[in-house]
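Values quoted throughout were computed directly from the atomic coordinates according to the rules given, and no laboratory measurement underlies them. None of these values were measured; they are calculated from a predicted model. Here Cβ is always computed from backbone atoms with ideal geometry, including for glycine, and neighbour counts include all displayed protein chains.
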Amino acid sequence: MDTIWDEVKTGTQLAFRTLIPPAEERIPLTWGNGIIPVLCYVPLIFMAYLARRPNTYPIRVLLVPSTVSGVIFAAYHFTWIQPIFNVFNWGQCLMAAVVIAKAFDYGLRKEGMLKIGESRPGVVKGKSKPSRNGNGDATYSSQNEYIPTWLSDAFELLHTNRGLAFKFGQGTYIPPFTRPLDSRRAFLLVTLRSFITNYLYLDFCESIIKVFPGGIATPLGGSMFYSSLPAPFPRYLVSTLIHILTGSALLSGFGMVYDLCILFAVGVIGTSPTSWPPVFENPWVAESLHELWARRWHQLLRQTFIIYGGYPGKWLFEILASTILGTLVRFGNLGMLLGTFVASGLFHECAMYSMNRGFDRTPVIFFAAQGPILIGERVWKKVTGRKVGGWLGRLWVYVVVFILAQPMVNSWHRRGLGGGMVLPPKLSPMCMIFLPLLRRFVPWL
């Protein structure tokens, strides 16, 4: 029995290392081989095309293993070797996790990826109506007259992480538009201003984080809880400042990349501005964690987390409830909620493995805890008859986001996330202008 178990362990380890080799065996990315990982993503485009065509289920299922293997190969076999670029390894593995979830979704949905109102891909049942999402606002197709229909269908499905106009996006909250839609030029000008604002704000946050002493400003990493500072007030005041700067950098980075995608898609390709609703809805004013995670935070990864954790969690809890209690009532939804947040934690942490800085359970614990916290908010409403809200609700959100989340952010900084290069120094107004001027008056910066 021990021999069989040893063989299973050895085989599992060999399979794992075939897909994800040790850091010393990974291939450095160069201009010469950079096209190889890019080509590994091409099968997903084909799968997206097939998912919008009827009677393609068998071939989509058969394509899943090779597509997933190719994406893992691209993400974990090729690496940025310069320490300052290590953060890009994290980014490319986050993207790979999203793409793999899409491959499972495209391949395993027997009916294909249907739009709202369709009976089969491309076949509308009954009278056609505008597609609506969680907030009731109509969304529209991003069809472009200059791009072949088959390619347009594939890219429309690939880019719509929130499922705009698709059945899988039903129930997803989409923030109302805040940019002018009556004029493409006005829409692009507002987007350009937003891009510049987000760029400058990201530059400010990244540059200020790198001003802090110690390892936190280097690719090797360091703790944001400075042991040289007395606890609790000075030490945790500094850590809270770094924490807020990190979160603000993430928000502005999301906004900057999204604005850049809009400028290209709407300004160059000619897609409709209505295909690009806002990503966030002012998360700083959330009055409950339910409001934060379901409405005000971005929903770009909602389907990813549901695929990795929501569906398995629902299936597991339904089996347990059926076996133990003989009923499926509500327990499936409970498992879906808990599984989704566990998947969120694993999603954020497993990509860190590519940075060769070890695995830390702290981010997994933080995100996994959000499920029970949301259940607690629902219990509060049942017991008191009032939803979590008002200034006390906002204070509750701030406690969780600004205090309880600090160990998670610290685990990222200890592994060099804050010391990586996000914006090139030569394209940074802070590095080229403001910090040199400031150092004339404050030499220790």
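For the peptides 262-269, 113-120, residues were scored by their other Cβ atoms within 10 Å and the scores averaged per peptide; the highest-first order is 113-120, 262-269.
Using the Cβ-Cβ distance between Leu438 and Leu334 with R0 = 51 Å, the FRET efficiency computed as 1/(1 + (r/R0)^6) comes to roughly 0.45. Computed over the chain with a Gaussian network model linking Cα atoms closer than 10 Å, the most mobile of Gln406, Gln82, Gln170 is Gln82.
The listed peptides 57-66, 249-258, ordered by packing as a protection proxy, come out as 249-258, 57-66 (highest mean of other Cβ atoms within 10 Å first).
Subtracting the Cα-Cα distance of Arg109 and Val8 from their residue separation scaled by 0.36 nm leaves 33.2 nm. Once semi-axes √(5λ) of the Cα gyration tensor in Å is calculated for the structure shown, the corresponding label among [x] 41, 28, 24; [y] 35, 26, 23; [z] 34, 28, 27 turns out to be [z].
At a threshold of 8 angstrom on Cα-Cα distance, excluding pairs fewer than six apart, so keeping six or more, what relative contact order does the chain reach in percent? Normalised by residue count, the contact order of the chain is 17 percent. In plain terms, the residue of Trp31, Trp380 with the fewest other Cβ atoms within 10 Å comes first and the most crowded comes last, giving Trp31, Trp380. Just checking the listed ones, Thr197, Thr340, Thr12: in the Gaussian network model of the chain with Cα springs under 10 Å, the one fluctuating most is Thr12. Close amide-amide hydrogen proximity is noted between Glu118 and Lys125, each under 5 Å apart and 5 or more residues distant or on a separate chain (H modeled in the peptide plane; Pro and chain starts excluded). Taking 7 Å steps out from each Cα toward its Cβ at Thr197 and Ser66 produces label points 4.7 nm apart. On the beta carbon distance between Asn282 and Glu24, with R0 = 51 Å, the FRET formula returns roughly 0.65.
Residue-wise HN-Hα couplings along the stretch 262-268, as the Karplus relation 6.51 cos²θ - 1.76 cosθ + 1.60 with θ = phi - 60° gives them from phi, are 5, 4, 6, 5, 7, x, 9 Hz; Gly and Pro carry x.
The distance separating the Cα centre of the stretch 25-76 from that of the stretch 371-408 comes to 41 Å.
Once backbone amide H atoms are built at 1.01 Å from N, Phe78 has Ile27 as its partners under 5 Å, excluding neighbours fewer than 5 places away on the same chain. Each Cα pair of the stretch 150-237 feeds into the Kirkwood radius, which the Stokes-Einstein equation turns, at 20 °C and 1.002 mPa s, into a diffusion coefficient of 120 µm²/s.
Inverting the pair-averaged 1/r between distinct Cα atoms of the stretch 285-378 gives 14.1 Å as its Kirkwood hydrodynamic radius. Rounded to whole numbers, the Karplus 3J(HN,Hα) couplings from phi for the stretch 388-396 are 5, x, x, 5, 5, x, 5, 4, 4 Hz, using 6.51 cos²θ - 1.76 cosθ + 1.60 with θ = phi - 60°, and x at Gly and Pro. For the chain, the 222 nm mean residue ellipticity estimated from helices alone, with every DSSP H stretch of n ≥ 4 adding -39500 (n - 2.57) and the total spread over all residues, rounds to -17000 deg cm²/dmol. A crude spin-label estimate for the pair Arg378 and Ser228, with each label 7 Å from Cα along the Cβ direction, gives 4.9 nm. Applied to the stretch 361-373, the Karplus parametrisation 6.51 cos²θ - 1.76 cosθ + 1.60 on θ = phi - 60° returns per-residue 3J(HN,Hα) values of 7, 4, x, 5, 5, 4, 5, 4, 5, 5, x, x, 5 Hz, with x for Gly and Pro.
Need one word for the stretch 1-117: rounded, prolate or oblate. Basis is the Cα gyration tensor (sqrt eigenvalues a ≥ b ≥ c); a/c below 1.5 gives rounded, then a/b vs b/c decides. It is oblate, given that a/c is not under 1.5 and a/b is not larger than b/c.
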